[in-house]
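The values are calculated or read from the model by the stated rules, or taken from the named source; none is laboratory data. Not measured: the values here are computed from a predicted model. Ideal geometry is used to build each Cβ from the backbone, glycine not excepted, and the neighbour counts take in all protein chains shown. Areas reflect the complete protein model, heavy atoms only, side chains present, ligands, DNA and RNA absent. Shrake-Rupley method; radii C 1.70, N 1.55, O 1.52, S 1.80 Å.
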Amino acid sequence: MLYAQLFWEYIKNYAKTRLTYRMDFWIEILSDMMFQFMNLIFILIVFRHTPSLGGWSEAEVVFVYGFFMIPYGIFSTFFSIWNFSERYIVKGEMDRILTRPAHNLFQVLLENVDPPSLIGSVVGAIIMFVCWGELGLPFHIMDIVLLAVFVIGAVLVYAGIYTALSAISFYSDAPTGIVPLIYNIQNYGRYPVNIYNKMIRFVLTWLLPFAFVGVIPASYFLEKKADDLSQLALLTPVVGLVFFTLGLLLWNHGVKRYRGAGS
Amino acid sequence: MMGAYLDFIRIRFITMLAYRVNYYSGIVIYAINIGAYYFLWKAIFGEQQELAGFTVAQMTTYVAVSWMARAFYFNNLDREIANDIRDGSVATQMTRPYSYLLVKMMQGFGEGLFRLLLFMIPGMIIVCLIFPVTLPTDPMTWMIYLVMLLFSFLINSQINILTGLFAFFVENNEGMMRMKRVMVDLFSGVVVPIAFFPGWLAVVMKWLPFQAITYLPSSVFTGRTPGSEIAGVFGLQVVWFVVLLVPIWFTWRAARKRLFVQGG
């Protein structure tokens, strides 16, 4: 209950801050759209030169992309802690967080909440819906339930990985440049992972399981392929829970070790 | 006076050196990036020998060279300038007897040199060991490429400076910086060479500065640009460098009149 109340207060605060920078608010929405559009352009350009990508058609790859946008939008709304190390460790704001009773990660996340990113989820859902029709896929009521489960699982996968990455700043003194780099890797989980060699596929499936936020759960709804990814789809919530738990454990351990910036 | 500017290069280089450990992980991640695109392109080629004038071998080299060039020219000048504007330190820096923007450029260059020596070169060696990359054998091509790479850096930094300066007008230009980053990656040809773009888009790209950052130098380096056209391609880079000075000059002039500091 306390947390729900805190959540509401933070959202109100967010709205006030954003209204100060109104212009920037619209530019951010525009830039989000651009970003998604760019990735779509890549797919569209590629399919002008080839009919299939490792046995996947254009509509299927776009479908996967549409699916991916849904958890990604939700994740970006609640986990936009890209500059955690810079803001909370280097500038010492973590000290302020730790003096308060609510869980520290919860506070950090709420301070950085970014609702406009949710628009991406809506666009993704529309893209998926259009492709669903174009591919003539069957539709069951169960699909909606599964879709929700997959989306939650995918958000947890993301949340776990990025919580763990942010927690690294508790252990290393230097501001790490690793987050923006991981940011690139997450893109590859959207493409049919069977085109990669064993090592990259392994990394994307089990170590940095970005395949579980895109191609694996999405493949559940698509026609079955030769090396069937959809068998793994039902594992999405499990992988999500495992990675989120690991991320949280690493975070909590890191907070215990944290000694302050001393400024 | 010039000595002072050189010192800015040196100091930034040394500062970067203090954080060098971060960059070793960066090399691994860039290698994975290149690997992912290598497989992606191999799947796109499928049975086809040639696409948009690229052979598979050329494409592999193009991908490797383009990403590693990005490791060199990439910098966060936009963010640094925006932060200076937001916390007000730009006002102090304006009173000093040097050109603020030139100092930023020098600091960017110091960072670029660091990235060239400790990121691009070792990264390139590792990538060449893993993937079938074929480098040109003609020393002349290497020389031309190095000069073009310098202009990649200059043009990319100019675009960054311009984006950073917008913080004067929109107070918070986080969204704009993100937008710029995706645009540069896609339109410069790191992700898809311009030759793959559909007709109308390719025409638009010819009139934008982005291709001068990656596509033009990488095309020369992979031998896709015939010898007779190299001078023209390089000339285009120089033209963009000069043309971009104009909006920077105007923005900077307008910005100085507008400066108001928020808190701090």
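Restricting attention to the stretch B:1-40, the residues that are open to solvent by 80 Å² or more (accessible area, probe 1.4 Å) and more than 9 Å from chain A (Cβ to nearest Cβ) add up to 8.
In the stretch A:58-71, the residues that are basic (Lys, Arg) never reach a residue that is open to solvent by 10 Å² or more (accessible area, probe 1.4 Å) with C-beta atoms less than 6 angstrom apart, at least six apart or across chains. Hey, does the stretch B:185-200 have a residue that's assigned to a helix (DSSP H, G or I), within 12 Å of the chain's Cα centre (by Cα) and of a type in the set (Asp, Glu)? Checking the stretch B:185-200: at least one residue is assigned to a helix (DSSP H, G or I), within 12 Å of the chain's Cα centre (by Cα) and of a type in the set (Asp, Glu). Within the stretch B:128-178, restricting attention to residues that are of a type in the set (Phe, Trp, Tyr) and within 14 Å of another protein chain (Cβ to nearest Cβ), the residue that is surrounded by the fewest Cβ atoms within 10 Å (Cβ to Cβ) is B:Phe169. One residue stands out among those in the stretch A:189-230 that are within 14 Å of another protein chain (Cβ to nearest Cβ) and within 13 Å of the chain's Cα centre (by Cα): the one that is most open to solvent (accessible area, probe 1.4 Å), which is A:Leu208.
In this structure, A:Asn39 qualifies as under 23 Å from B:Thr163 (Cβ atoms), of a type outside the set (Lys, Arg) and surrounded by fewer than 19 Cβ atoms within 10 Å (Cβ to Cβ). Output the residues belonging to the stretch A:5-39 that are more than 10 Å from chain B (Cβ to nearest Cβ), closer than 19 Å to B:Gly175 by Cβ and in contact (Cβ under 8 Å) with a residue 24 or more places away in the chain. Matches in the stretch A:5-39: A:Tyr14 only.
Among residues of the stretch A:42-65 being open to solvent by less than 20 Å² (accessible area, probe 1.4 Å) and facing another protein chain (nearest Cβ under 7 Å), the one that is farthest from A:Arg190 (Cα to Cα) is A:Thr50.
Scanning the stretch B:41-53 for residues that are at the interface with chain A (Cβ under 10 Å from one of its Cβ atoms) and either farther than 18 Å from B:Pro217 by Cα or of a type outside the set (A, V, I, L, M) (or both) yields a total of 9.
B:Gly235 - would you say it is surrounded by fewer than 22 Cβ atoms within 10 Å (Cβ to Cβ), part of a helix (DSSP H, G or I) and of a type in the set (Gly, Ala, Ser)? Judged against the criteria, B:Gly235 is a match.
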